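I am attaching a structure below and will ask some questions about it afterwards.
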Amino acid sequence: MSAITDIKGSFTLHNGVKMPYFGLGVYLSKDGSEVINAVKWAIQSGYRHIDTAAIYNNEEGVGEGIKASGIPREDIFLVSKVWNSEQGYDSTMEAFETSLQKLNTEYLDLYLIHWPVKGKYKETWKALEELYRQKRIRAIGVSNFLQHHLEDLLTEASIVPMVNQMEFHPYLVQQGLLDFCKSNKIQYEAWSPLMQGKIFEMDVFKEMAGKYKKTIAQIVLRWDLQKGVVTIPKSSKRQRIIDNAAIFDFSISKEDMAVLDKLDKGKRFGPDPDNFDL
Ligand code: NAD
């Protein structure tokens, strides 16, 4: 694992592409001024990684936010995802073109299969592999794939996914999956790192925040990075976007990492990848 240095630092994917380990999530950020501003403020305050998806219906705003930031497109790591209803080879190819058009870009840094839709994800993966071979995507990956989904995909894949984006926070670690991904050189990435905002209601994090003179969000996001997990907290508020990134001037001790690790209870706040209806 690379050292955690600053907001522009990265982990290296198995194809050599550098993925900034800290980014902005934009799920539920409304298209138009809300998402445009969030993306612009984030980039202007140093973020270099933006995570969107076709289903978020805000790709146009994300593209505008990147332009408005004044930072060149090549300096940003831009991620989108193919939605469940578009899975299959041809429909994924079309969905990819639509995402590029909306984002007003010629390529993506990372394109993910959003959920493991049964009977479809292997064909979808073939489309991602083809787009990768055509150099239209710098890295390809999956999201919400449990170990058995990955094992199944690997029986036919010619390219091992570079990333698996999963729900991940102190209440849902899935250590077995984390280890499986590590041994297959699949970079693990956290969605809902702040438990969709519910983490702030939990007393257990307050003590450690006090000890380090940091916010609960900063403690949990720093824990992600020290575990080697890419993290993409969502906010559309300027001050929170800035504050969430103030995690490069401290580190959590080994002992306190272990305290946080012990909170795991296998609790999901989002859908179960084995039983979703999306
Ligand atoms: P999150 O855990 O990032 O929490 C976001 C919530 O926390 C928001 O309500 C926000 O207002 C609040 N918040 C953020 N910073 C705060 C702060 N400093 N103080 C107080 N409140 C704060 O939840 P998320 O949006 O579900 O996850 C992050 C990103 O992960 C998404 O935006 C999206 O890009 C991605 N995601 C992917 C999937 C997937 O299936 N692949 C699913 C969900 C989310």
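Coordinate-derived values only; no laboratory data. No experiment lies behind these values; they were computed from the predicted model shown. Note that we place each Cβ from the backbone using ideal geometry, even for glycine, and neighbour counts take in every protein chain shown.
Within 15 Å of the chain's Cα centre (by Cα), among the aliphatic types (A, V, I, L, M) and within 12 Å of the ligand (Cβ to nearest atom): is that true of Ala53 in this structure? Working first, answer last.
Values: within 15 Å of the chain's Cα centre (by Cα): yes; among the aliphatic types (A, V, I, L, M): yes; within 12 Å of the ligand (Cβ to nearest atom): yes.
Yes; evaluated as a whole, the condition is true for this residue.
Return the total of residues in segment 131-146 being part of a loop (DSSP other than H, G, I, E, B) and closer than 20 Å to Trp191 by Cβ. Can you show your working first?
Here is the first cut: in segment 131-146, the ones part of a loop (DSSP other than H, G, I, E, B) are 134-136, 144-146.
Cutting the leftovers down to closer than 20 Å to Trp191 by Cβ gives us 144-146.
Counting residues in segment 131-146 that are part of a loop (DSSP other than H, G, I, E, B) and closer than 20 Å to Trp191 by Cβ gives 3.
Filter segment 8-20 for residues that are away from the ligand (no atom under 16 Å from the Cβ), on the phi < 0 side of the Ramachandran plot and either of a type in the set (Gly, Ala, Ser) or in a strand (DSSP E or B) (or both) and give the result.
Passing the criteria: Gly9, Ser10, Phe11, Thr12, Lys18.
Return yes when Lys102 is basic (Lys, Arg), buried (at least 16 other Cβ atoms within 10 Å of the Cβ), assigned to a helix (DSSP H, G or I) and in contact (Cβ under 8 Å) with a residue 12 or more places away in the chain and no when it is not. Break it down stepwise before answering.
Working: basic (Lys, Arg): yes; buried (at least 16 other Cβ atoms within 10 Å of the Cβ): yes; assigned to a helix (DSSP H, G or I): yes; in contact (Cβ under 8 Å) with a residue 12 or more places away in the chain: yes.
Yes, satisfied.
Any chance you could count how many residues in segment 185-213 are part of a helix (DSSP H, G or I) and touching a residue at least 12 places away in the same chain (Cβ under 8 Å)? Don't jump to the end; show me each part of the working.
From segment 185-213, those part of a helix (DSSP H, G or I) are 195-201, 204-212; that's our starting set.
Narrowing further to those that are touching a residue at least 12 places away in the same chain (Cβ under 8 Å): 195-196, 198-200, 204-205, 208, 211-212.
Here the count works out to 10.
Another question about this same structure. Look at segment 21-36 and say how many of its residues are within 10 Å of the chain's Cα centre (by Cα) and not in a loop (DSSP other than H, G, I, E, B).
Count: 3.
Search segment 72-97 for residues that are part of a helix (DSSP H, G or I) and pair each with any residue that is of a type in the set (Lys, Arg) when their beta-carbon atoms are under 7 Å apart and the residues are at least 6 apart or on different chains.
Within 7 Å, the pairs are Asp75/Arg48; Tyr89/Lys126.
Can you tell me which residues in segment 147-161 are among the polar types (S, T, N, Q) and closer than 12 Å to Ile186 by Cβ?
Once the filter is applied, which keeps residues that are among the polar types (S, T, N, Q) and closer than 12 Å to Ile186 by Cβ, segment 147-161 yields only Gln147.
So which helices (runs of 4 or more DSSP H) are wholly in segment 214-278 and hold at least 2 residues that are more than 10 Å from the ligand (Cβ to nearest atom)? I'd like the intermediate steps shown before the answer.
Working: elements: 216-226, 238-244, 254-261.
The helices (runs of 4 or more DSSP H) meeting that bar are 216-226, 254-261.
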